[in-house]
Amino acid sequence: MSVASVTSTTGVNGATTSSKSGQGWGAMGAEDFVKLLTTQLQNQDPTEPVDNTQMLAQLAQFSSLSNLNDIKDSLSGTDKQADTLSAISTKLDTLNSTVARLLASQPTSTSTTA
């Protein structure tokens, strides 16, 4: 399904709504969805109202999409944390090997007291 660019729309009650062209569905947020839903309800044919099951399906799909976006955002943060932990691990390995070399190169002193 392609989304056409809309710059301005006038509803039945004379209200004008505008949208940025070229946004596509990926840029829509909860506020945009509520505006779209209320405009749809305001402009529906009174003799053939919107089917409740369709409306509930749209709300469920939007809720699922919102939750998936939240999961995606949290997983992208996890990737960054994994990269940071990997870099820390590499630096710790380097530090451990350096300390081991320094300790190996030091002469051991044995003191005896009589």
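The values are calculated or read from the model by the stated rules, or taken from the named source; none is laboratory data. Fair warning: this is a prediction, and the values are worked out from it, not measured in the lab. A quick note on method: Cβ atoms are made from the backbone with ideal geometry, for glycine too, and the neighbour counts reach across all protein chains shown.
Brief remarks on what is shown
- Residue check, MET1 in a loop (DSSP other than H, G, I, E, B), of a type in the set (A, V, I, L, M, F, W, C) and either at pLDDT 80 or above or over 18 Å from the mean Cα position of the chain (by Cα) (or both): yes
- Scanning segment 44-71 for residues that are among the polar types (S, T, N, Q), more than 16 Å from GLU31 (Cα to Cα) and surrounded by 10 or more Cβ atoms within 10 Å (Cβ to Cβ) turns up just one, GLN44.
- The set of residues in segment 26-56 being more than 18 Å from LEU68 (Cβ to Cβ), part of a loop (DSSP other than H, G, I, E, B) and either within 31 Å of the chain's Cα centre (by Cα) or free of Cβ contacts under 8 Å to residues at least 12 places away in the same chain (or both) consists of GLN44, ASP45, PRO46, THR47, GLU48, PRO49, VAL50, ASP51.
- From the options LEU59, LEU68, residue that is in a helix (DSSP H, G or I) and touching a Leu at 6+ places or on another chain (Cβ under 9 Å): LEU59
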